[in-house]
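Note sheet for the following structure.
Throughout, read-outs are computed from the coordinates displayed, never taken from laboratory work. Predicted model only: the values in this text are computed from it and were never measured. Ideal geometry is used to build each Cβ from the backbone, glycine not excepted, and the neighbour counts take in all protein chains shown.
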Amino acid sequence: MTESSLRKQQKTLTRDLIMEALVGLISDEGMGDFSVQSVADRAGVSHRTVYRHYPSREALLNALAEWLDERMLERGGVMQIDDESEFPEAIRRNFRLFEEMREMVDAYVVLCTATGARVEARTRRTREIQRLIRRTVAGHLSSKHAKAASSLIRLISGSTAWHQMRTEYSIDAASTSDAIAWAAGVLIRELADGGGPSTDN
């Protein structure tokens, strides 16, 4: 093994330790005790090591998003949608994985909500979905209404909606998946049929 590949392997191992510690900490303690030092202590590494890799809470959150995306892809998750008709099946597949990785996804949603930080991967996915919906089924709408409609589809098809349905409303995993896949399908069909938010407002 070359020195560069060994360094890369060590970096990946350190990242995994830090991400697992972050997820465990948020899962066990919530946001109250969350600090770089508490993550370092739980991961068994120095504060300096965590800070060198992730100099801010936002950097930690972005790393957690990437780490979660990698695990989703490894398990067959859908991280990019190329056709609006793929939404219902993508939602069902991703929500099944959210359930399998519940501790990770819950920690990610809690962190996003509590910090209000902009997550690069999430922002990128939102833009991709807005462009797709505008191009395929919302071209008849004004720019602001197309953005609102596509943003609604994005909102209900992501981890935040899954988390709220499961925790706030106590809806079981299968019912959550079915309801949101149905809702996304209804919205997309409505747009395809020329409907959408009122253009009179």
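Farthest towards the positive end of the charge dipole of region 77-192, among the residues 81, 130, 161, is the Cα of 130, using unit charges on the Cβ of Lys, Arg, Asp and Glu.
Fraction of C-alpha pairs exceeding 24 angstrom in the chain: 47 percent, rounded to a whole number. Think of each Lys and Arg Cβ as +1 and each Asp and Glu Cβ as -1; about the Cα centre, that makes the dipole of the chain roughly 760 debye. With neighbour counts taken as other beta-carbon atoms within 10 Å, the residues 82, 41, 106 rank, fewest first, as 82, 41, 106.
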